[in-house]
Amino acid sequence: MNKFSTNKRAGTRPSAFNNAVRAGLAALAVLCGLAFWAMPAQAADLTYTQPIQNTTQSLTGDGISSDTYFVKAGYWDVHLARFVLHYQVSQLADRRSSDITVLLNGVKFASFRPGDSTGLQTQTITLPLRLLQGSNHLQLQGQVLNMVGGTAQRVQTPANWLTIYPESNVQFTYALRAPDRSLRSFYIHYSGLDTISNGLSGIAVPNAPRNAELSAATYALAGYSRVMTNEQDQIPIAPAGSATLKNRAYQVVIARADRLPADLRWTVAAADLARGAVIQTVYAADRYTLVVTAKTDALLVKAARFVANQELMNETRAAKKIVTAATRTFSSSLQDNNGHYLLASPAGTQLTGAGHQSAAYFVTLPMDQTNAAGSQVRLHFRHAQNLDYARSLVTVAINDTPIGSRHLRQTDANDASLTLTVPPKLTVRNAITVRVTFDLALAGNASSGADNDQTPWAFIDPQSELFVRTKPVTTQLFTNYPSLFLKNDQFDAIGIVRPATMTASDFATLTNIVNLLGNFAKRNTGSVTYYSKTPDASVRAQHNLIAFGTPRANRYIAALQPHLYFQFDRAQQGFISNEKLSIESGYGRRLGTAQLLTNPDNAQRVVLVVTGGTPATAYLGSTQINFQQNIVNHSGDLIAVDSDNQVYNYRFKKDVTPGTKPSPVHELIKRSSLVIFLGVAGVIFVVLAVTLILLLRKYGKKGGDAA
């Protein structure tokens, strides 16, 4: 019996084993199938088109030179890269002799002649993959020759021109390397050009976020916005699981530990939370998530500042980071340079060739500062000695406005310097382009096509600099937005008053507001505090405030009604007419506004109100303060946008730089002529008074004696 039983079990065991093997193989096949379906998003060839400039650029003269830059993501395996040039050349150009040479990172690799056409032309040039780097310098050099007396000649005239159009771009075909589990790899992919352009990045918060969670999300979004080069793309803040985030493969989830989505809560170890805030990657199939969580609000915000720090994220090769109160998270790479900004690279800038040769340098000032008296361009350079010095010049321009020029001199060819003062009234905002131009004329009638030892040249030394003496900008207009909310490149005590219950439109409005603030906040320091109720008077007086939403959902906006430039009707459903615009009642319900007010509690501070009768119309008001290309179009203190995207721009303030009222003594000092007049009048009054007293004493005494 036992033997039979044993044999029976022995007979059935192989069958069970085989079934288990089959089940295991089936499960493995399913997993492999899932992996196979997940892989194409990472392994298939993708394409990305990167614009190389935003404005039409016209180059004039016989010799032309243009510089532009583009980037290649480090996680791309590039199979093909092409430069697509959209251009037009002068109708006078000789097509058989004019030529254009293309350089990539200083190496010449292609030349072509313009086509036999007078209109818009397109030239597609394959870029050598071996020359590609992370950051790439693309140059165009060449000559536009005119027909003079039947022969093609280089003639320095405005009629010789090449125009490059903003449709020019670099096209990549590449395979995507999937991110590993390190914070560094996630950060690089999450903030990648293609990831953001394809709408694959997002920031998730709980469905009913707390103020601290929104503050943390703001720091994180600002950190990504400040390093983004996508000028028309955003990373949205939205509730976890919302339609906004549904198809975004890369997400940063920010929440208190007890408020994490259920599918992520188990991934964070209690032991880690006991040590501090936790930042860790969680990958599943084709979804890549960075969890940012903590038990306390303070640690959650601290962790978000870590995520907002490009250096720290790029340096972290672990899949998990514990952030404690002692962790240093502040940005350190961006310095103010004490006003000294080097122009050339450490290797200097070499310019070669006769005629008009130039180099452009870009300098970024703190957003809350502008040029003041005393700023200078200090240029150090060398140049060839075989020049016609009567015709050879060096010229410096700031934002295409010439500030000075000088003839080159043979005596200092090997060690020349030039110091030019930047006009204090020259408006430079925070972005400055310094262009150094050499006109290198050869002696006699020598052609620039002569032998190499006759070719003129100039070299700009790496010690060349722009010294900027700055002054604060306090103008309360959109021309000074968002710098009004920044100080020393960081958030300047910003208070954001939000609706207690936020809709999808409210989150979209918030995303627009934070995106532009983050573009200009170069440090992850400063403070952003959220309020779901009206802050008390002391808080309002100490902060630059941003209030968004409807007056029914945001009581602070309702309380600001007397101060609004566009005011609401009694039902708070739409705007009413004012001195700038007649508004029909139905039209008033289709308007959204962004209004930049002087803070009623402190004239040195401002209040930005983004509002409308509904969350959707309030969102319209935010669509002009989301990107740099939009805000530069507005010079007033109110922007109104209707549902048909009609945009209005008005100025209401008379005094756009309110300050403390000066003392009477200060006012007198400012008016020196009045001081002199009053002084002379005082002296005359004293003399007359003394004379009168003496006369009264004299004749009063005589009268007494006569009596």
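The values are calculated or read from the model by the stated rules, or taken from the named source; none is laboratory data. For clarity, every value in this text was computed on a predicted model and none was experimentally measured. Cβ: placed from backbone, ideal geometry, glycine included. Neighbour counts: every protein chain shown. The protein model used for the area step is the full one, side chains on, heavy atoms only, and it has no ligands, DNA or RNA in it. Shrake-Rupley method; radii C 1.70, N 1.55, O 1.52, S 1.80 Å.
Averaging Cα coordinates gives a centre for the range 484-562 and one for the range 466-481; these two points are 22 Å apart.
Taking a point 7 Å out from the Cα of residue 284 in the direction of its Cβ, the residues of the range 216-246 whose backbone N falls within less than 13 Å of it are 241. Computed about the Cα centre, the dipole magnitude for the range 464-539 is approximately 120 debye when only Lys and Arg (+1) and Asp and Glu (-1) carry charge, each at its Cβ. Using a cut-off of under 15 Å, list every residue of the range 214-231 whose amide N is near the label point 7 Å from the Cα of residue 630 along the Cα-to-beta-carbon line. Within reach of a label on residue 630: 231. In sequence order, the range 493-504 has phi-based couplings of 6, 8, x, 10, 9, 10, x, 4, 10, 9, 8, 4 Hz under the Karplus curve 6.51 cos²θ - 1.76 cosθ + 1.60, θ = phi - 60°, and Gly or Pro positions carry x. Annotation: residue 555 carries an accessible surface of approximately 130 Å², with a 1.4 Å probe and no ligand, DNA or RNA atoms counted.
Residue ranking by accessible heavy-atom surface, 1.4 Å probe, largest first, among 680, 606 comes out as 680, 606. Residue 374 sits among other residues whose Cβ lies under 12 Å from its own Cβ, and their net charge, with Lys and Arg +1 and Asp and Glu -1, is +2. Per-residue 3J(HN,Hα) values for the range 393-404, derived from phi via the Karplus relation 6.51 cos²θ - 1.76 cosθ + 1.60 with θ = phi - 60°, read 9, 10, 10, 10, 10, 10, 6, 6, 9, x, 10, x Hz in sequence order (x marks Gly and Pro). Taken one residue at a time, the phi angles of the range 225-241 give Karplus couplings (6.51, -1.76, 1.60, θ = phi - 60°) of 5, 6, 10, 6, 9, 6, 7, 10, 10, 9, 10, x, 9, 7, x, 4, x Hz. Gly and Pro are set to x. Counting protein heavy atoms only, the range 116-230 has 48 percent of its accessible area on carbon and sulfur, 1.4 angstrom probe. Each part reduced to its alpha carbon centroid, the range 387-443 and the range 176-229 end up 43 Å apart. For residue 315 and residue 78, the FRET efficiency from 1/(1 + (r/R0)^6), where r spans their Cβ atoms and R0 equals 35 Å, is about 0.85. The mean accessible area for residues of the range 281-421, using a 1.4 Å probe and ignoring ligands and nucleic acids, is 47 Å² per residue.
Solvent exposure of the range 473-609 amounts to 35 Å² per residue of accessible area, where only protein heavy atoms count and the probe is 1.4 Å. Ranked by solvent-accessible area (1.4 Å probe, protein heavy atoms only, all chains present), the residues 76, 161 order from largest to smallest as 161, 76.
FRET efficiency for the pair residue 296 and residue 406, taken as 1/(1 + (r/R0)^6) with r the Cβ-Cβ distance and R0 = 56 Å, rounds to 0.35.
Can you give me the % of accessible surface on the range 514-622 that is carbon or sulfur? Probe 1.4 Å, all protein chains present, nothing else counted. Answer for the range 514-622 is 49 percent, counting heavy atoms of protein chains only. Relative to the current alpha-carbon distance between residue 338 and residue 572, full extension at 0.36 nm per residue lengthens the span by 79.3 nm. Computed over protein heavy atoms with a 1.4 Å probe, the accessible surface of the range 47-107 works out to 41 Å² per residue.
Lysine pairs in the range 229-381 whose alpha-carbon atoms fall under 22 angstrom of each other, counting only those eight or more residues apart or on distinct chains, come to 4.
Maximal additional length on extending the residue 120-residue 536 stretch stands at 143.7 nm, based on 0.36 nm per residue less the C-alpha distance.
Going by accessible surface with a 1.4 Å probe and the largest first, 275, 177 read 275, 177.
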